[in-house]
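Taking it in order: structure first as structure tokens, then the write-up.
The values are calculated or read from the model by the stated rules, or taken from the named source; none is laboratory data. The shown structure was predicted, so the numbers you read here are calculated from the model rather than taken from an experiment. Virtual Cβ from ideal backbone geometry, glycine too; neighbours counted across all protein chains shown. Just the protein is used for accessible areas: all its heavy atoms, side chains included, with ligands, DNA and RNA removed. Shrake-Rupley method; radii C 1.70, N 1.55, O 1.52, S 1.80 Å.
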Amino acid sequence: MLSLSYDLHIHSCLSPCGDNESTPVDIVGMAFVKGLDVVALTDHNSAENCPAAKEAADAYGVCFIPGMEITTEEEVHVVCLLPTVEKALELSRYVYDKLLDVKNDPAVFGDQLIMNSDDQVIGTKEKLLINATSISFSECFPLAESFGGVAIPAHIDKQANSLLANLGFVPPDCNFSTCEVRRPENFTDIKKQHPYFENCRMIS
């Protein structure tokens, strides 16, 4: 079995929860320093820092997966991983159109910076990226597949913005096969309480 070190859920300076020093280039550089084999950039409802991260990853020799973390209409977080930067940007444009039309207040939430591979600011996003979209939880999975990617329910053991915290159950029309858990030791209890996860792969 191939052993890989990975982080598939990282936010950059584009996400309101990130800071301006979390540039795509610095994130990939730190992944290289820490010896990660695979890294994904999954900003909130946008993939616009993925081109810079991909360019840096190619230079460092780190396998890069473009992605984003969609906030569904139920305010559940879902990580989407895409096969190419181009597909990620296509999905990003679709998701941004579905985002609530609420402007970001940089003084409160941060600047939401779009960077290039020289660590220069090339733009910002006007809408507040942490808001919900009009995309339902169940819609995320076929949506990601239509762009050649996969959708993974994020941090299902978290007490906010997670499938189990916000919905409390797995909708019957879902067929995801992988989930993300913040603390792997919680997965045993989750499987006892929700049999759906018995056949689910876990990433952490």
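Tabulated values for the structure
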{"quantity": "Candidate set from region 147-164 (those that are out of contact with any Leu (no Cβ under 9 Å at 6 or more places or on another chain) and surrounded by fewer than 16 Cβ atoms within 10 Å (Cβ to Cβ)); member that is farthest from Gln193 (Cα to Cα)", "calculated": "Ala160"}
{"quantity": "Output for region 102-146, where each listed residue is closer than 21 Å to His77 by Cβ, in contact with a Leu (Cβ under 8 Å, 6 or more places away or on another chain), among the hydrophobic types (A, V, I, L, M, F, W, C) and open to solvent by 30 Å² or more (accessible area, probe 1.4 Å)", "calculated": "Val102, Phe109"}
{"quantity": "Selected residue (only one of Leu36, Leu8 is in contact with a strand residue (DSSP E or B) (Cβ under 7 Å, 6 or more places away or on another chain) and closer than 19 Å to Gly149 by Cα)", "calculated": "Leu8"}
{"quantity": "Pairs where the first residue, in region 73-88, is under 13 Å from Ala40 (Cβ atoms) and touching a residue at least 12 places away in the same chain (Cβ under 8 Å) and the second is open to solvent by less than 70 Å² (accessible area, probe 1.4 Å) and among the acidic types (Asp, Glu), C-beta under 6 Å, 6+ apart", "calculated": "Val79/Glu69"}
{"quantity": "Residue selected from region 35-52 under the condition under 9 Å from Ile65 (Cα atoms) and among the aliphatic types (A, V, I, L, M), by the criterion surrounded by the fewest Cβ atoms within 10 Å (Cβ to Cβ)", "calculated": "Val38"}
{"quantity": "Tabulated pairs, region 8-26, first on the phi > 0 side of the Ramachandran plot and in contact (Cβ under 8 Å) with a residue 12 or more places away in the chain, second buried (at least 22 other Cβ atoms within 10 Å of the Cβ) and outside any strand (DSSP E or B), C-beta under 6 angstrom, 6+ apart or interchain", "calculated": "none"}
{"quantity": "Subset of region 132-163 [of a type in the set (Gly, Ala, Ser) and touching a strand residue (DSSP E or B) at 6+ places or on another chain (Cβ under 6 Å)]", "calculated": "Ala132, Ala144, Gly149, Ala151, Ala154"}
{"quantity": "Some residue of region 176-194 being surrounded by fewer than 13 Cβ atoms within 10 Å (Cβ to Cβ), touching a residue at least 60 places away in the same chain (Cβ under 8 Å) and of a type outside the set (A, V, I, L, M, F, W, C)", "calculated": "no"}
{"quantity": "Scope region 58-101; condition open to solvent by 10 Å² or more (accessible area, probe 1.4 Å) and among the small types (Gly, Ala, Ser); matching residues", "calculated": "Ala59, Gly61"}
{"quantity": "Flag for Ala47 being among the hydrophobic types (A, V, I, L, M, F, W, C), touching a helix residue (DSSP H, G or I) at 6+ places or on another chain (Cβ under 7 Å) and either over 17 Å from Gly149 (Cα atoms) or part of a strand (DSSP E or B) (or both)", "calculated": "no"}
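Conditions tested, residue by residue: (1) closer than 19 Å to Ala132 by Cα; (2) open to solvent by less than 60 Å² (accessible area, probe 1.4 Å); (3) more than 14 Å from the chain's Cα centre (by Cα).
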{"position": "Ser5", "(1), (2), (3)": "no, yes, yes"}
{"position": "Leu14", "(1), (2), (3)": "yes, yes, no"}
{"position": "Asp19", "(1), (2), (3)": "no, no, yes"}
{"position": "Val28", "(1), (2), (3)": "no, yes, yes"}
{"position": "Val33", "(1), (2), (3)": "no, no, yes"}
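Per-residue answers, yes or no, for (1) over 16 Å from Val95 (Cβ atoms); (2) touching a Lys or Arg at 6+ places or on another chain (Cβ under 7 Å); (3) assigned to a loop (DSSP other than H, G, I, E, B):
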{"site": "Ser138", "(1), (2), (3)": "no, no, no"}
{"site": "Phe141", "(1), (2), (3)": "no, no, no"}
{"site": "Gly148", "(1), (2), (3)": "no, yes, yes"}
{"site": "Asp157", "(1), (2), (3)": "yes, yes, yes"}
{"site": "Ala165", "(1), (2), (3)": "yes, yes, no"}
{"site": "Pro172", "(1), (2), (3)": "yes, no, yes"}
{"site": "Phe187", "(1), (2), (3)": "yes, no, no"}
{"site": "Phe197", "(1), (2), (3)": "yes, yes, no"}
